[in-house]
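What follows is calculated from the coordinates using simple rules that are stated; it is not laboratory data. If you're wondering where the values come from, they're calculated on a predicted model, not measured in any experiment. All Cβ positions, even for glycine, are placed from backbone atoms using ideal geometry, and neighbour counts span all protein chains on display.
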Ligand SMILES: [Fe+2]
């Protein structure tokens, strides 16, 4: 089985306060990850692998690179998508849910910024159907720190390559620019799509309705 990805195109003209040079350098890096995952999949498809081994084997090296490269592609696409657009103010179901889970929007933002100053790679605001909560997670590499089956709502790249050209080592300034550019229409759409795609509900499903966790009888607060 051979699968190939094509890089997505993003119109960065709406992004304010981050230079086109910075964004295009970053985009080139993303394109490199697309090329690498295609190369990895081609190599896996065209070769027979003997002597698999957990310390070192060609198969293990390729499979480790596969998750690294593919997660890099997905995270960059989510990141680029959520900084382009014009809807800069939080609203809708996702804002209500943020306030419900964090008390206030500012509480969530403070936690997100703390994660942004602590992470070595990524910050991802997720919705997790295991307990119907939104949380901010940090990740030190593309393939580390992910929570299985938690849905990404907002993605922030804090690798130095995301801001060094414009802001040097001043990550705080970059975080402020990121917040000014968040496309809340995308964040709201991602949140609403979880329920439409999974169970055709416009509200979070009850524990008895959820297709994955529906039989978790000990979960009582959904
Ligand atoms: Fe990046």
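Residue-wise test of (1) within 16 Å of the ligand (Cβ to nearest atom); (2) touching a helix residue (DSSP H, G or I) at 6+ places or on another chain (Cβ under 6 Å).
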{"position": "18", "(1), (2)": "yes, yes"}
{"position": "22", "(1), (2)": "yes, yes"}
{"position": "45", "(1), (2)": "no, no"}
{"position": "62", "(1), (2)": "no, yes"}
{"position": "71", "(1), (2)": "yes, no"}
{"position": "107", "(1), (2)": "no, no"}
{"position": "128", "(1), (2)": "no, no"}
{"position": "131", "(1), (2)": "no, no"}
For the range 140-159, which residues satisfy the criterion of being in contact (Cβ under 8 Å) with a residue 40 or more places away in the chain and crowded, with 17+ Cβ neighbours inside 10 Å? 142, 143, 146, 151, 152, 153, 154, 155, 156, 157, 158
